[in-house]
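**Q** Take a look at the following structure, please.
Bear in mind these aren't lab numbers, they're just calculated from the coordinates by the rules spelled out. What you see is a predicted model; the values in this text were computed from it and never measured. No Cβ is skipped: glycine too gets one built from the backbone with ideal geometry, and neighbour counts run over all protein chains shown.
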Amino acid sequence: MQKITIAPVTRIEGHARISLFLDDNGTVSDARFQVTQIRGFERFVTGRPFFEMPALTARICGICPVSHQLASAKACDQLLAVTIPAAAVRLRSLLNFGQLVQSHALSFFYLSAPDLLLGMDHPVATRNFFGVAENDPQFARDGIELRRFGQQVIERLAGRRIHPAWVVPGGVSAPLKSAARDEILNELPAMQTLMRNHLKRFRESLGRHQEYADNFGCFPSLFLSLVDNLGRLEHYHGTIRIIDAHGSTIADNLAPASYEEYIGEAIEPWTYLKFPYYRPQGYPEGMYRVGPLARLNVCGCCGTRYADLELNRFRQLATGRPVLSSFHAHYARLIEILYALEMMEQLLADPSVLDPHVRAVAGVNAFEGIGAIEAPRGTLIHHYRVDADGLIEQVNLIIATGHNNLAMNRAILQAARRYISQDRLEEGILNRIEAVIRTFDPCLSCSTHAVGSMPFVIELMGPDGRCLDRVRR
Amino acid sequence: MTTPILTLTIDGKEVSGLAGETILQVARENGFFIPTLCWLDGLTSAGSCRLCMVEIKGSAALHPACITLIQEGMAVTTSSERLLRYRRAIIELLFSERNHVCAVCVVNGHCELQTLAQQLGIDHISFPGLYPDLPVDASHPRFVIDHNRCILCTRCVRVCGEIEGAHTWDVKNRGVRSQIVADFDTPWGDSTTCTGCGKCVHVCPTGALFEKGKSVAEMFKKPLGLPYLKAIRDLGV
């Protein structure tokens, strides 16, 4: 058997290595997406007071610190056994939308645009954000502008852009000032217009990418995400709904707190990233996807005007069924940005968002807490057990990239079969495989709670186990 | 009988103080900065952190300013390359001895250890960390002691014994294994002597002692006016 390894995988968050195994006929028989680092957050936070958990777990990731804080704080609210003030809930939701905008803008405009705008075969030296900026300065400026806006929403609410310490068990540490609300509100219309224009442009360019839509993670799977009590798109509250590849709801109103009943976590000896699966269907058949694509497939509607108009167009990609290609996660991300901008407007329009009562104070009143939110990359679950003094005894974290692990492996296999038919690794082929991974926007530092920037190795292994080709970046 | 007035120089400037005053007292009265950690106005001086070391002309050794009394004609240097080197080394050793993670600490931004490190220009630790596996005692209903952040300055021990008069806190073991204990090494919440006054929490220079329920950077230590408390106690008021 032959094996191809791609390492490091670039323009994703974290370290990865891809091994492709060839059979006697030279076709790809298996693909493994290996995450090669571990950080051990679940272990070293044991013994700490749970009040530190939102700040401690935020350090898992510099891109999504806010997502971890929110999931963590929701778990901690349960340890306090309190209902947090309504204004705090609104502010937390707003913060989550700020996070969604900045992270999706990063994924689309900075990380994926070089492939989409310049093409997969564009010279590697300029196939990056600077190449995009040279080729289409306004596009690059818009991307920067959107990300800045998202980050600034976080700063205006929480005091700083990265690792703010504003979200606390029981609510948030300070109310929103009316000046900050007005600043955000003033910028929202321009951001919405900008986003609608980019959605139009992306939609019109879809025809050019049909080849990738057909081959980048295009396969049946389950989809999982939170929805609100009316079945609409939801990122902070809600219950879990799971649909199958035909669009039928196979599980609904699942409490995130009982996730262990329906989500199993398999372990493979060749990677630090676990493989969550839907228990009733077993491993690995219970493969499901989370994230923007899953959310738009699962929800009944967005619940906001322009996002719903766009969702209808999105759904025409697969008439009456879920959109199966992970390539369309890019499209889904753009729709979600628009949705987040509309939701911010709704939340900020309500004067109660300025209510000074934003924190419930209590001690340990329960010994187990499970918090779930929709992070930019998908459902994020924090599960804590504490002792009677409030010290952490046990932690389990399921991160979006983890949920997608089985699907990412499947997607790489699909792309490798399509693009590799010899024992050599051509640059354009490598980049297509990387681009497949990028559609999932994986955050490996989060999902293994693993350290790192972005090295990427691909190894091509022959039927006899010999390494035929190896590329490292 | 009047207390004699002594004259000395600090960093070349002629100053005077009363016999029985320490170099630190006279230096501070005259606006000289000498860093301290274990010393706290109103408590007996322990002289243990060694940050306030100064040079005295005619002596090869360094002397802790908080417990060295002034003498007539003394020439004190509070700041030199050598002193800065020692002070930096002391702070770095304190950081490397236990698990100080400022970014997620309850006193981040208002911690005496962190502030001193910043003042001394410390941006990394040259010594390998010991990373000891130390417990957090959250058994008290209102307060928490996190031994990971304790620098063993013993301010808590002294304020509890000298001002509150409870003497709940003490130190067990020796050297690097030393650890603050409540009563005879019981969980704080089980202490029969602790009055729950919270003085130890507010004199602690780091995030080792803090109020329960505080999140990152939320714990502010309040100045207690210890000399005032001590004076009224000594007067028997």
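**Q** For the range A:19-59, build the charge dipole from Cβ charges (+1 Lys, Arg; -1 Asp, Glu) around the Cα centre, then report which of A:Pro54, A:Ala31, A:Phe21 sits farthest towards its positive end.
**A** Going by the charge dipole, the pick is A:Pro54.
**Q** Right, here's the next one. About the Cα centre, and with charges only on the beta carbon of Lys, Arg (+1) and Asp, Glu (-1), how big is the dipole of the protein assembly as shown? Nearest 20 debye, please. Mind dumping the intermediate values first?
**A** On the way: 72 positive and 73 negative charges, 135 e Å.
In total the dipole reaches around 640 debye.
**Q** Pulled fully out, how much extra length does the chain show between A:Glu268 and A:Ala179, if you take 0.36 nm times their separation in residues and subtract their Cα-Cα distance? The partial results should precede the final answer.
**A** Working: separation 89, 0.36 × 89 = 32.04 nm, distance 5.13 nm.
In short, 26.9 nm is gained.
**Q** Going highest first, how would you order B:146-157, B:174-185 by mean Cβ packing within 10 Å? Present the calculation step by step, with values, prior to reporting the outcome.
**A** Values: B:146-157: 23.2, B:174-185: 13.7.
Final packing ranking: B:146-157, B:174-185.
**Q** Taking every residue in B:205-214, how many Cβ atoms of other protein chains lie within 10 Å of its Cβ, on average? Could the numbers behind the result be given before it?
**A** Details: counts 0, 0, 0, 0, 0, 2, 0, 6, 12, 4.
Mean shielding count: 2.
**Q** Report the calculated FRET efficiency for A:Thr126 and B:Asn99 (r = Cβ-Cβ distance, R0 = 56 Å), to the nearest 0.05. Each step should come with its number before you reach the end.
**A** Values: r = 45 Å, r/R0 = 0.80.
Taking R0 as 56 Å, the efficiency between A:Thr126 and B:Asn99 is 0.80.
**Q** Among the aspartates and glutamates, which fall within straight-line cross-link reach of B:Lys230, defined as a Cα-Cα distance under 17 Å, with same-chain neighbours fewer than 8 residues apart omitted?
**A** List returned: B:Asp41, B:Glu162, B:Glu164.
**Q** While we're here: Taking the Cβ of each residue in A:His237, A:His68 as the centre, tally the other Cβ atoms inside 10 Å and list the residues starting with the fewest. Each step should come with its number before you reach the end.
**A** Working: A:His237 16, A:His68 30.
Ascending number of Cβ neighbours within 10 Å: A:His237, A:His68.
**Q** So, one more: Can you give the FRET efficiency for B:Glu81 and A:Phe44, using 1/(1 + (r/R0)^6), R0 = 45 Å, r = Cβ-Cβ distance, to the nearest 0.05? Walk me through the intermediate numbers first.
**A** Details: r = 39 Å, r/R0 = 0.86.
FRET efficiency, B:Glu81 to A:Phe44: 0.70.
**Q** If the cut-off is 17 Å between C-alpha atoms, which lysines fall inside it for A:Lys74, apart from same-chain ones fewer than 8 positions away?
**A** B:Lys214
**Q** About the Cα centre of the range B:5-79, how large is the charge dipole given +1 on each Lys and Arg Cβ and -1 on each Asp and Glu Cβ? Please answer in debye to the nearest 20. Could you put the intermediate results ahead of the total?
**A** On the way: 4 positive and 7 negative charges, 36 e Å.
It works out to roughly 180 debye.
**Q** Please give the charge dipole size of the range A:220-360, origin at the Cα centre, charges +1 on K and R Cβ atoms and -1 on D and E Cβ atoms. Round to the nearest 20 debye. If you can, show how the numbers build up before the last one.
**A** Working: 12 positive and 16 negative charges, 71 e Å.
My answer is approximately 340 debye.
**Q** Given labels modelled 7 Å from the Cα in the Cβ direction, how far is it in nm from A:Asp23 to B:Ala231?
**A** 9.1
**Q** Output the Kirkwood hydrodynamic radius of the protein assembly as shown, Cα pairs only, in Å rounded to one decimal. List each step's numbers first, then the result.
**A** Values: mean 1/r = 0.0353 Å⁻¹.
Computed over Cα pairs of the protein assembly as shown, the Kirkwood hydrodynamic radius comes out at 28.3 Å.
**Q** Which of the DSSP-defined H helices in chain B satisfy a minimum axial length of 18 Å, computed from C-alpha atoms, and a minimum mean Kyte-Doolittle hydropathy of -0.5? Before the final figure, lay out each step's value.
**A** Numbers: long enough: B:81-97 (24 Å, -0.11).
Those that clear 18 Å and a mean of -0.5 are B:81-97.
**Q** Sticking with this structure for a sec: Using 0.36 nm times the number of residues separating B:Ile125 and B:Ala61, minus their current alpha carbon distance, what extension gain do you get? Let's see the in-between values first.
**A** On the way: separation 64, 0.36 × 64 = 23.04 nm, distance 2.55 nm.
Gain on stretching B:Ile125 to B:Ala61: 20.5 nm.
**Q** Please give me, ordered by residue number, the chymotrypsin sites (Phe, Trp or Tyr not before Pro) of the range A:242-320 that lie in loop per DSSP and have at most 13 other Cβ atoms within 10 Å. All intermediate terms of the calculation are to be shown ahead of the outcome.
**A** Working: sites: A:Tyr259, A:Tyr262, A:Trp270, A:Tyr272, A:Tyr277, A:Tyr278, A:Tyr288, A:Tyr306, A:Phe314; in loops: A:Trp270, A:Tyr272.
Counting only loop positions with at most 13 other Cβ atoms within 10 Å, the chymotrypsin sites (Phe, Trp or Tyr not before Pro) in the range A:242-320 are A:Trp270.
**Q** How large is ³J(HN,Hα), in whole Hz, for each residue of the range A:378-385 in order, when computed from phi with the Karplus curve 6.51 cos²θ - 1.76 cosθ + 1.60 and θ = phi - 60°, using x for Gly and Pro?
**A** Karplus-based 3J(HN,Hα) across the range A:378-385 equals x, 5, 10, 10, 10, 10, 10, 10 Hz.
**Q** At a Förster radius of 51 Å, what calculated FRET efficiency corresponds to the Cβ-Cβ distance of B:Leu18 and A:Ala388, to the nearest 0.05?
**A** On the way: r = 54 Å, r/R0 = 1.05.
Efficiency, rounded to the nearest 0.05: 0.45.
**Q** For B:Lys57, list the lysines whose Cα falls under 21 Å from its own Cα; do not include residues on the same chain fewer than 8 positions away.
**A** Here the lysines satisfying the reach criterion relative to B:Lys57 are B:Lys13.
**Q** What nm distance separates the two modelled labels at B:Phe33 and B:Arg88, each placed 7 Å from Cα along Cα→Cβ?
**A** Going from the B:Phe33 label point to the B:Arg88 one covers 1.6 nm.
**Q** Compute a Gaussian network model of chain B, connecting alpha carbons closer than 10 Å, and tell me which residue from B:Lys13, B:Lys199, B:Lys221 fluctuates the most.
**A** Most flexible of the set in this elastic network: B:Lys13.
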